Structure formats: structure tokens, C-alpha cells
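One structure, as C-alpha cells, below. Some questions next.
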Amino acid sequence: MGTTKKSIIMILVLIMAFAPLALFAGGRSEAADAERHAFIFKNTGNPYGEKQMEGFAEGIREQGFEEILRAPDQPTAEAQIQIIEQLMAQRVKSISITGNDFDALQPALTRAMDQGITVLSADSAVNPASRQVHVNQADSEMIGRTLIQAAYDMADGAGEIAILSATSQASNQNLWIEWMQKELAENPSKYADLELVRIAYGDDLRDKSVSETEGLLQSFPDLKVIIAPTTVGIAAAGRVITDRGLIGEVHVTGLGLPSEMAEYIENGACPYMFLWNPIDVGYLTAYAATALMNGDITGAAGDTFSAGRLGNFEVVPAGDGGTEILLGAPFKFEPSNIDEWKDVY
Ligand code: RAM
């Protein structure tokens, strides 16, 4: 056999030996793409966000996929846009986002959808054009109205109340505040002696939430109740009221993590508060993301799907003209049950 013939045979043998490997490698990179589902939270350093992402990771892994969990340092739309672009370059299969702005993420998210990526929001909605569906933790109207009723109860029906929110652009907090204002406006005789004096923004940053609380107490020495519809804000207000020896004079209520609020529920700074299970919000989002990706649902009202241990859910019309999946009713935490929950989330 001539040398040329020998080399050709060698080359053929090599090709045959490595072809399956090459195919395997190709197959693997496709499988790896298929496996990655991303979640973007508002910002880092928020234990609520960590719990939500923990639930998302659980739901994604349980289905045999891989999660990517991201959050910018600052709770801004710009910072989230950068992350969306990175995820598009990584060719993830889905992006679930807790929006830092209702409208500003639209160009980035529509580009992601045009690229074939499944896009949904969870916890804090992006506008209907930017998403296929929203995963809502609880009925927004009920949250807003319930928090005003709680403040009325804690103020004994009269006095000054203030709101300590997250960022001024956060769509979940803004929607809850809208319902708080509607509750006040629609029941003028009930709330005639209750005055909403200010809405402050702690940006879901601990230090800023502390200084905004101090600002409220200084500007309004007769303030009776602070409503903080954010887990970061309510914990900061609980801390300030406690440190200043104002327990009983100023109350805080709102939406808080039992693990962070147990101390203030027990010492009376916060007579009671509400929340849902953030782990379940993330877990439900994981199943909604894969149901959309697989085509089991399109995000249209009436679609149904199964979400693992949480059971079956239906897509329903949302108040903003899009559609949503509702986790359930919020839960009330008070001295009698806080002990059971403080180690859970
Ligand atoms: C903060 C965040 C989050 C919100 C909770 C109640 O942790 O702003 O988006 O859902 O509070």
C-alpha cells in the first residue's frame, strides 16, 4: 500500500473515530442551551429576592433544567437591560423578570422575544407588550385596600399615616399604592380623619429606607402609622421605631418577611403584617416559564398548566390589559402565628 493510500485510510479512520464525539459535542451544547432558564430580580441584597430565586431554582432543577439567577446592584431598569442583553448572548431559553420599571424594559424584552426567548414577569410586572404572562403573588386590589384598612385599625381611625415604598418606578409597589389611594378616595366618610401625608421611597436599600423613615418621623412628629409595602422598607421602619423607643406611638404595617419581622411583631412595633410565600412565587414562575416554552400555554386567558407541588393554575386577565397567573391570597402574620413562620421565610 502506497503512503498516500495509507494516509487517506488513516484520515478516514480518524474521522470515523471522532465523528460520534463531534456529534455528541454538538448535541451537548444544544442540550445545554435548552436547559438554561434565567431569573432577574430587582437588586442584590434583598432576602425576599433570594427566597424568590431559591423557589425558581427549585422548580427549574426539578424539571431537569439549569437556572441562571441574576440581580443588579442597583434597582434600575438600565442595570436590568444590561443583564437581559447578556442573557440573550448566552441564548437562554427563558427570562423571568421582576421589573424595575413597567415600560422601560420593553425594547430589550421584545428583542429577546423576537430571538425566540420566552419572557415573563414575576412579582413586579412589566407592561403587557413586554411579556407573555405575569406571575402575580396576590390580588393587587386586595393588598392595597387591606393595608389601608390595617393602618386605619392601628391609628384607631384618626391621624397621620405615611407610605414607605421601594423605588418610585417599581410597578408592584405603585399598583398597590394606587389601590391604597382608591380605598381612601372611595370611602371618604370612613377615612375622613385619616390623612395620608407622604409617600417616601427607600429604593429597597436598607440604609436609604432607614433614613427615609427617620425623615418621616422628623417631618411628621404626630405620625401614627407607616405602611411599607416592601420587605426592605418594613424591616427598616421596624428597626427605627424600636431603636427610638417609639413602640406604641408609631406603628408599622405592610408586607414583610416573617424571618426579618418576628422581632418587631413580638415587641409590638408591627402589630400585624401580610405576605405570601416568596419561594412559591419563584417556583410557580419556573413552571410558567417552561409551560410557555413548551407551548403548553401561550399566555392567553383560559390556558391551564400544572405547576409541580403547587398543583394546577389558570391564566387569567390582568388589570393592566395583559394576562397573569395568580399564586393565591396573602397571609396575615401576627403575634399568635409569627413563631411558626419565622424559620420558613
Ligand atoms: C420587596 C420587593 C418585592 C416585593 C416585596 C413585598 O422585597 O420590593 O418586589 O414584592 O418587597
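All but one of (1) buried (at least 23 other Cβ atoms within 10 Å of the Cβ); (2) assigned by TED's automatic domain parsing to the domain that holds LYS93; (3) closer than 30 Å to THR253 by Cα hold for ALA289; which doesn't?
With respect to (1) buried (at least 23 other Cβ atoms within 10 Å of the Cβ); (2) assigned by TED's automatic domain parsing to the domain that holds LYS93; (3) closer than 30 Å to THR253 by Cα, ALA289 is out only on (3).
Here are some conditions: (1) touching a residue at least 60 places away in the same chain (Cβ under 8 Å); (2) surrounded by fewer than 19 Cβ atoms within 10 Å (Cβ to Cβ); (3) touching a Phe, Trp or Tyr at 6+ places or on another chain (Cβ under 8 Å). PRO258 meets all but one. Which one does it not meet?
Evaluating PRO258 over (1) touching a residue at least 60 places away in the same chain (Cβ under 8 Å); (2) surrounded by fewer than 19 Cβ atoms within 10 Å (Cβ to Cβ); (3) touching a Phe, Trp or Tyr at 6+ places or on another chain (Cβ under 8 Å) leaves (2) as the failure.
If I filter the range 312-327 down to residues being open to solvent by less than 30 Å² (accessible area, probe 1.4 Å) and in a loop (DSSP other than H, G, I, E, B), which single residue comes out as farthest from THR230 (Cα to Cα)?
Narrowing the range 312-327 to residues open to solvent by less than 30 Å² (accessible area, probe 1.4 Å): 313, 315, 318, 322-325.
If we keep only those that are in a loop (DSSP other than H, G, I, E, B) too, we end up with 315, 318, 322.
On the way: VAL315: 26, ALA318: 21, GLY322: 24 Å.
That would be VAL315.
Pairs only if they're at least six apart or on different chains, beta carbon under 7 angstrom, first in the range 40-63 and charged (D, E, K, R), second near the ligand (Cβ under 9 Å from one of its atoms) and outside any helix (DSSP H, G or I); list them, first residue then second.
LYS42/PRO75; LYS42/THR98; LYS42/SER124; LYS42/ASP204
Return only the number of the condition from (1) part of a loop (DSSP other than H, G, I, E, B); (2) within 11 Å of the ligand (Cβ to nearest atom) that PRO221 does not satisfy.
Condition (2) is where PRO221 drops out.
Okay, residues lined up against (1) over 30 Å from ALA89 (Cβ atoms); (2) more than 16 Å from the ligand (Cβ to nearest atom); (3) out of contact with any helix residue (DSSP H, G or I) (no Cβ under 8 Å at 6 or more places or on another chain); (4) open to solvent by 60 Å² or more (accessible area, probe 1.4 Å):
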{"site": "GLN115", "(1), (2), (3), (4)": "no, yes, no, yes"}
{"site": "SER121", "(1), (2), (3), (4)": "no, no, no, no"}
{"site": "GLY144", "(1), (2), (3), (4)": "yes, no, no, no"}
{"site": "LEU147", "(1), (2), (3), (4)": "yes, no, no, no"}
{"site": "ALA151", "(1), (2), (3), (4)": "yes, yes, yes, no"}
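Looking at (1) touching a helix residue (DSSP H, G or I) at 6+ places or on another chain (Cβ under 9 Å); (2) away from the ligand (no atom under 14 Å from the Cβ); (3) among the small types (Gly, Ala, Ser); (4) part of a helix (DSSP H, G or I), which one does ALA235 not meet, given that it meets all the others?
Every condition holds for ALA235 apart from (2).
Inside the range 175-188, can you point out the residues that are surrounded by fewer than 18 Cβ atoms within 10 Å (Cβ to Cβ) and either without any contact (Cβ under 8 Å) to a residue 12 or more places away in the chain or more than 16 Å from the ligand (Cβ to nearest atom) (or both)? Before you say what the answer is, go through the steps one by one.
Step one: list which residues in the range 175-188 are surrounded by fewer than 18 Cβ atoms within 10 Å (Cβ to Cβ), which gives 178, 181-182, 185-188.
Across the range 175-188, the qualifying residues are GLN181, LYS182, ALA185, GLU186, ASN187, PRO188.
I'm told PRO229 meets every condition in (1) surrounded by fewer than 23 Cβ atoms within 10 Å (Cβ to Cβ); (2) within 20 Å of the chain's Cα centre (by Cα); (3) within 19 Å of GLU263 (Cα to Cα) except one. Can you identify the failing condition by its number?
Condition not satisfied by PRO229: (1).
Just one of (1) in the same structural domain as THR298 (by TED's automatic domain parsing); (2) surrounded by fewer than 19 Cβ atoms within 10 Å (Cβ to Cβ) trips up GLN132, so point out which.
The failed condition is (2).
Now a separate question. Tally the residues that are within 15 Å of the ligand (Cβ to nearest atom) and open to solvent by 10 Å² or more (accessible area, probe 1.4 Å), restricting the search to the range 49-68.
So the first thing to find is which residues in the range 49-68 are within 15 Å of the ligand (Cβ to nearest atom), and the list is 49-56.
Filter again for open to solvent by 10 Å² or more (accessible area, probe 1.4 Å), leaving 50-51, 53-54.
Final tally of qualifying residues: 4.
For a quick check of your reading: which strands (runs of 3 or more DSSP E) sit entirely within the range 251-311 and have at least 2 residues that are within 15 Å of the ligand (Cβ to nearest atom)?
Working: elements: 251-254, 273-275, 304-306.
Correct list: 251-254, 273-275.
Also, quick follow-up: Select from the range 158-198 the residues that are of a type in the set (Lys, Arg) and either in contact with a helix residue (DSSP H, G or I) (Cβ under 6 Å, 6 or more places away or on another chain) or more than 30 Å from ALA77 (Cα to Cα) (or both) and list them in ascending order.
Step one: of the range 158-198, the residues of a type in the set (Lys, Arg) are 182, 190, 198.
Across the range 158-198, the qualifying residue is only LYS190.
The values are calculated or read from the model by the stated rules, or taken from the named source; none is laboratory data. The model shown is predicted, which means the values in this text are computed figures rather than measured ones. Neighbour counts are summed over all protein chains in view; Cβ atoms, including those assigned to glycine, are modelled from backbone coordinates with ideal geometry. What goes into the accessible areas is simple: the full protein's heavy atoms, side chains included, and nothing from ligands, DNA or RNA. Shrake-Rupley method; radii C 1.70, N 1.55, O 1.52, S 1.80 Å.
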